[in-house]
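> Got a structure for you, questions after.
The values are calculated or read from the model by the stated rules, or taken from the named source; none is laboratory data. Note that the coordinates shown come from a computational prediction; the quantities given were computed from them, not determined experimentally. Positions of Cβ are generated from backbone atoms using ideal geometry, with glycine treated the same way; all protein chains shown enter the neighbour counts. Heavy atoms of the whole protein, side chains included, go into the accessibility calculation; ligands, DNA and RNA do not. Shrake-Rupley method; radii C 1.70, N 1.55, O 1.52, S 1.80 Å.
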Amino acid sequence: MTLKIADRGRVPPFLVMDVLRDASKREAAGASVLHMEIGQPSAGVPRAVANRLADALSQGVDPMGYTMAQGLPALCQRIAAHGERLYGCTIPQERVFCTMGSSAAFLIAFLAAFAPGDRVGLASPGYPAYRHILKAVGIEPVLLPVGPETRFQPTPAMLEGLNLDGLIVASPSNPTGSMLPPEALKALAEHCHEAGIRLISDEIYHGIGYGMTFATATAFSPSAVVINSFSKYYCMTGWRLGWMVLPEDMLRAAECLGQNLFISPPTISQHAAIAAFDELATFDALVAGYGRNRDLLVDGLAKLGIDKVAPPDGAFYVHADISHLGLDSADLCRRMLAETGVAVAPGWDFDPVRGGAAIRFSYCASETTVTQALARLADWLPRLG
Ligand SMILES: Cc1ncc(COP(=O)(O)O)c(C=O)c1O
């Protein structure tokens, strides 16, 4: 007998992960691959963090059992204090809620804030998992096509007449790297609050910027949900730890959902995260390196004729228009990997309508990787027929 599979489980793949799988297969077979597809800092946690964790484990300080669903109070306190320093506004520790990566935070926030059938706006191009998680829980993603006119970010005017229950913004954005200036985030946050639209602000790339000021939605709206993570600035992708700064009215619902869905965020990772707050100088030095890679990549691509890129204000991505090359982005990425070993992400992941015309480079790799990738593309692009 054939059993049914629920429609809501049929979400599209996360194409970056498909490219990573194909690139890794080639690598395992002995090919030289330059990884610029995945948004994963090549540096791991600083040695000092690993040492402190090893000490704690060897001394049996904590048996690493469950924590409260919200996370360790010491961690929530460090997160709140760090936010206050970064943004100059109050972040109440009781409103910090730790999660299993920001990915789990999205699930908890969407379930707590929206009902099935609700409509949630999001920029396109944008991070694919927003759309796919929303769909999986029966919420309707409403794409807001964005472009260079608005720095690839949504504006209050774009929300008119859409009857939205929620809005997701990401600044810096993945895939574009573009940021909302503080006054633009303020305008969006205030508009959403007044219009009864729940704002979800993905601030996972905060700390990784090249001159523009970081602002948090918590400073501008009592109803906004802020989502953040230790994956990017703190280089802790595999540790699966993120957090939210929740509005008062969602605290209990988030706690009950967190208890039932995940019990608690990973305890060992929470200890590592507390130690990571003492290593900010190391992370800032890495960001300076990403900044050098960004300049190298943007200049190098421009010399190769790929000069229509979104403003790379932050994060570690360059989102480039490739329509002049005459190939769909999926074909271009496939051929680029097969013929040069350079792995990049097709725009289809981020924009289901216009994704054929763009690709995304991730430059949190080493400077050597970026230099070598540009050299391989310089040799290959003129032969692309
Ligand atoms: C914009 C954005 N949000 C969220 C995530 C998910 O990160 P994590 O679950 O590791 O915290 C990513 C990962 O690339 C991302 O780019």
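> Can you give the calculated 222 nm mean residue ellipticity of the chain, where each DSSP H run of n ≥ 4 adds -39,500 (n - 2.57) and the sum is split over every residue, rounded to the nearest 500 deg cm²/dmol?
-12500 deg cm²/dmol
> Something else now. Go through 330-336, 101-107, 44-50 and give me the packing order, highest mean Cβ count within 10 Å leading.
Highest mean packing first, the order is 101-107, 330-336, 44-50.
> Of the residues Glu37, Glu27, Glu367, which exhibits the maximal mean-square fluctuation in a Gaussian network model of the chain defined by a 10 Å Cα contact cut-off?
In this elastic network of the chain, the residue with the biggest mean-square fluctuation among Glu37, Glu27, Glu367 is Glu27.
> Taking Lys4 as the anchor, which lysines have their alpha carbon closer than 29 Å to its alpha carbon, excluding any fewer than eight residues away along the same chain?
Within reach: Lys135.
> Relative contact order, percent, of the range 66-278 when contacts are C-alpha pairs under 8 Å separated by at least 6 residues?
For the range 66-278, the relative contact order is 28 percent.
> A further question on this structure: Quote the accessible area belonging to Glu190 in square angstrom, nearest 10, computed with a 1.4 Å probe and with ligands, DNA and RNA left uncounted.
70 Å²
> Going by a ≥ b ≥ c, the root eigenvalues of the Cα gyration tensor, does the range 84-127 fall in the rounded group (a/c under 1.5), the prolate group (a/b larger than b/c) or the oblate group?
Prolate, because a/c is 1.5 or more and a/b exceeds b/c.
> Right, here's the next one. Using alpha-carbon pairs under 8 Å, 6+ residues apart, how would you state the relative contact order of the chain in percent?
Relative contact order here is 24 percent.
> Next question. Return one whole number: the accessible area per residue of the chain in Å², for a 1.4 Å probe.
42 Å²
> Something else now. Would you please calculate the Kirkwood hydrodynamic radius of the chain over all C-alpha pairs and express it in Å, rounded to one decimal?
Across the chain, the inverse of the average 1/r is 21.6 Å.
> Need one value: the accessible area of Tyr210 in square angstrom, 1.4 angstrom probe, rounded to the nearest 10.
Tyr210 has an accessible surface of roughly 60 Å² with all protein chains in place.
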